[in-house]
Every structure is written in structure tokens, then in C-alpha cells.
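First comes the structure, then the notes that go with it.
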Amino acid sequence: MKNLITCLIIFLATNCFSQKKYNKILTSLDSDLKKYEKIAQDIWSFAEMGYQEENSSNLLQKTLNDEGFKVSEGVAGIPTAFVATYGSGTPVIAILGEYDALPGLSQKAVPYKLSNDGKAGHACGHHLFGTASAAAAITIKKYIENEKLKGTVKYFGCPAEEGGSGKVYMTKAGLFNDADVALHWHPGDRNSASFGKAMANKSAKFRFYGVSAHAAGSPEKGRSALDGVEAMNNMVNMLREHTTESTRIHYVITKGGNAPNVVPDFAEVYYYARHLNRNEVINVFDRIVKAAEGAALGTGTTMDYEMIGGTHELLINETLQKTVQKNLEKIGGYIYNSEEKIFAEQITKSLDVTLDTKFVEGIKAYTSDDDAGGSTDVGDVSFTVPTVGLETATWVPGTPAHSWQAVAAGGTSIGIKGMLIAAKTLALTGMELLDNPKILSLAKKEFLKRRGSNFKYIPLLGDREPALDYRN
């Protein structure tokens, strides 16, 4: 009994000492918050879309380079992708950062909707994502430096998450092969480290080619490319009746002609197919292609398609998720000041919900059964290296991603406060993993078991090169 008490005292003293060391390093994030706030706001104002993030990428590269990281730019054949490295030896801790915006969602940091003039906006909060991840990497670097530790921290500058599958090309290039763990996070409307599912995804642009003619004077000579697109859409919409319940299919007509009295000789439709299992995505996508082929045949047009993106589902690692949950609870939430509360109340009115700050001020309890809400190219990383993420309350509760409300809150102190929680949680997790190789060992065993012994990585987007112009 005496030995047990002695061991307990030593354990508690050791953990208390470690936490004091961590807290001392974490205070540097508070001291440098103004710097990181400016970086995030600059990227928010750049609002650069996938593979066009030159200013955003350069700013993050400079930030890390100034802190002593060695930066390799233009990796995986992508001009705006980069890897910034500090330290040597193992463990190798990878931190993922994103910085692309979404088209047509420009919005000022005000709680009412403004005209976006067709400009892009950070409706998924990637300006905060990229900045918080960089701040965490720098904090871990300081810990390695101060404690004279063996280990490496790598920041991966990942462009074009929104449909461009940037991380897939980085995975194909083997950039994550030497990592022991990959950490990431995402802006959201709550503080939570419950493992969120993500769907596998395949996307493509289907292009139809017809024959132009005067729509009234000589319609018999025309073959409408738009008819091909519409026929395809009709068939795919009928296909929905014969897919599994969790299948998701969405499309947008990107080009449909220029004038009603001209039979369009070119039309294009952009499709996504999603499912929780990549094999089902492949099956559904193949059926969509058949619908496109049938549409072309029936309308006397021709068709081709270009793969744009393709991602795996997210491979969960509960060992790591519970570690992040514990650290998120240590960091805790934040409280709205009077200005932020007024802003939040106005945002909730636009969403027709009641403001509830329970998981802004606190942390959502851990659960393993959250629903899937979308797709991410982090999925491909998660099949290469044990991967873990979290979300923090950078948006007003009830805000959906890809909305003007998300853009607005992301440009305010609400976004910055949520970003700081993410940076601290990632940094604390990284420091703990440097000090406790047992967690990494358990995470690796779970990773190999979940992935399966016969797994072979095959990108869902095939062997195409990065679609650098997919936003044009």
C-alpha cells in the first residue's frame, strides 16, 4: 500500500511538472496573439480560391521561415503547397494547415448579409485553420528548442481543400510517409474533439458538345449541349431513388449557353458523389458516368469529363481523439464580451435559432457517433499516418459551414478566440506526444488494425495531375 501511494505521488508530481512546462510555453501564444490575428485577417481579406492562394501561402511560409523553419515550396507539383520543417529525428509530428476560400461568398464582418459581388469568401474558416496550425507548429518548435528535445515538427501548407483535393496529391507524393502522427482542426460552431466522420468523395466536370444554330430560324440543324446536361441531370435525379440512404449527390451547371436564341454548342455540369465508404462512391460515380453517356447519345451530342477531386473517408483513431479531448478540456472555452454577444444574437436571428453558448464557454462531451457532414482530403492523410482533429467555436452556434454567417464571424474576434483555443490544443497535444511515445505506439497499433493488413492506397481521382485551374 505504501509503495502504491508513493507511485501515485510521483505520478501526480511528474504530471503537474509537465503541465507547468506546457503552460509556460502556451503563454507565448497569448503574447503573440496580435501577430496571429493579423495573419488570419490578412488571409481572410485575400480570400483566394483553391490553387490560387499565392498571397496566403507566401504569408504563412514567411511566418514559419522567420521562426527558423526550413521551407520547401511548390511541393507535389502544386505552386501554393509547401512543407515547413523544424528539428530532427523522431517522433515526427505533422500539422496540417489550409487557406483556400470558397467562390461567391464574400461578406464583411457584420451580422447582416451583404451583396458578395461574386467574390470569394472564407466561408469554411480556412484563414483561421492555416494560421492556428502555424501558431501551434511554432509553439511546438519552441518547446523542442527550450527543452533540447529530439523530434521534428512539420507544417504542411495544404491548398485547395474545397474540391481540389490538394492533400491527395501531397499523399501521392509521399510527403506524409515519415510522419508519426498528423494533427489538424477545423473551424466550427462548438468546441469538440469527438471524432467526426467524413465521407469519401469523387467529383468531375462533365462537358457536352453540340452544334450551334439559330434557335428559331433553323432549330433542326442544332444539337443542344445544354439538352445533354439537362438530360443527364434528370437521369441522375432518378438514380437517387436507387442508391443507399447515406449516398449524397450534388451538382451545379457551370456553363449553359449565352443566349436563348442560340442553340448552345457547349455546356458543363460539375458533380460531387459522396458516401461513407469509398467503394460505394466509386460505384455511384460510375453510374453517374453512364447517365452522362446516355444523355449524350439521346441528345445527339458528345461528352467527356474531367476528374477534379477524389478523397477517402476519414479513418478514425480513438486513441488520439481521446488525447485531444482531454487537452481541449484543459484549455477550455471562452466567454463572449458584450460586443460579441450582440453580434452573436443578431447572427442567430438570421438563422432563426436561439443563442446557446454552452459549447462556446465549455467543451462538448466526447462521443463516437457523430454524423458525417461532408468530405475532406484529410481522409487520404488518415490512411497514411495516424490522424486526429478537433473543431472549435469560431462561428456563432447554429451557423452552418459555407454560409455568409460563417464568413462574417470568421472576420471578428469570435473567430480569433476560437482560433486560439485550436492553436493551444494542437500545441499541447504535440508537446505531450513528444514526451509520451506510448500514446503514439498505441495510436499506431489502432491505425494498422483499422486500416487493415491488405490495404493499398489508390487515389480516387486516378492518375491525373493537380487540377490547378478547377476554379477558373
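The values are calculated or read from the model by the stated rules, or taken from the named source; none is laboratory data. Everything numeric here is computed off the predicted structure, so don't read it as measured data. Because the Cβ atoms are built from the backbone with ideal geometry, glycine has one as well, and the counts that use them run over all protein chains shown.
Any chance you could count how many residues in segment 302-315 are surrounded by 24 or more Cβ atoms within 10 Å (Cβ to Cβ) and among the hydroxyl-bearing types (S, T, Y)? Write out each step before concluding.
We begin by selecting, within segment 302-315, every residue surrounded by 24 or more Cβ atoms within 10 Å (Cβ to Cβ); these are 309-314.
When the remaining residues are screened for being among the hydroxyl-bearing types (S, T, Y), the result is 311.
Within segment 302-315, residues that are surrounded by 24 or more Cβ atoms within 10 Å (Cβ to Cβ) and among the hydroxyl-bearing types (S, T, Y) number 1.
Between R248, R274, which is without any contact (Cβ under 8 Å) to a residue 60 or more places away in the chain, in the same structural domain as G294 (by TED's automatic domain parsing) and closer than 30 Å to S133 by Cβ?
Details: R274 fails: without any contact (Cβ under 8 Å) to a residue 60 or more places away in the chain.
When all the criteria are applied, what remains is R248.
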task: Of the conditions (1) of a type in the set (G, A, S); (2) modelled with pLDDT of 95 or more; (3) not assigned by TED's automatic domain parsing to the domain that holds Q107, A467 clears all except one; give me its number.
output: (2)
- prompt: Can you pull out the helices (runs of 4 or more DSSP H) entirely within segment 375-472 that have at least 1 residues that are under 22 Å from D189 (Cβ atoms)?
  reply: 378-382, 404-410, 413-435
task: Considering every residue within segment 203-215, establish whether at least one is in the same structural domain as V289 (by TED's automatic domain parsing), over 27 Å from G379 (Cα atoms), β-branched (V, I, T) and surrounded by fewer than 18 Cβ atoms within 10 Å (Cβ to Cβ).
output: yes
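For residues in segment 304-349 being among the charged types (D, E, K, R) and touching a helix residue (DSSP H, G or I) at 6+ places or on another chain (Cβ under 6 Å), which is farthest from A423 (Cα to Cα)?
Kept after step one, since they are among the charged types (D, E, K, R), are these residues of segment 304-349: 304, 306, 313, 318, 322, 326, 329-330, 339-341, 345, 349.
Okay, now just the ones that are also touching a helix residue (DSSP H, G or I) at 6+ places or on another chain (Cβ under 6 Å), so 313, 340.
Details: E313: 25, E340: 21 Å.
Looking at residues that are among the charged types (D, E, K, R) and touching a helix residue (DSSP H, G or I) at 6+ places or on another chain (Cβ under 6 Å), I get E313.
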query: Can you pull out the residues in segment 259-290 that are in a loop (DSSP other than H, G, I, E, B) and modelled with pLDDT of 95 or more?
result: A259, P260, N261, V263, P264, D265
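Could you list, in sequence order, all residues of segment 88-139 that are part of a strand (DSSP E or B) and aliphatic (A, V, I, L, M)? Break it down stepwise before answering.
We begin by selecting, within segment 88-139, every residue part of a strand (DSSP E or B); these are 88, 92-98, 101-102, 121.
If the condition is that a residue be part of a strand (DSSP E or B) and aliphatic (A, V, I, L, M), then V92, I93, A94, I95, L96, A101, L102 are the ones that fit.
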query: Can you name the number of the only condition in (1) modelled with pLDDT under 95; (2) over 18 Å from K322 (Cβ atoms) that K417 fails?
result: (1)
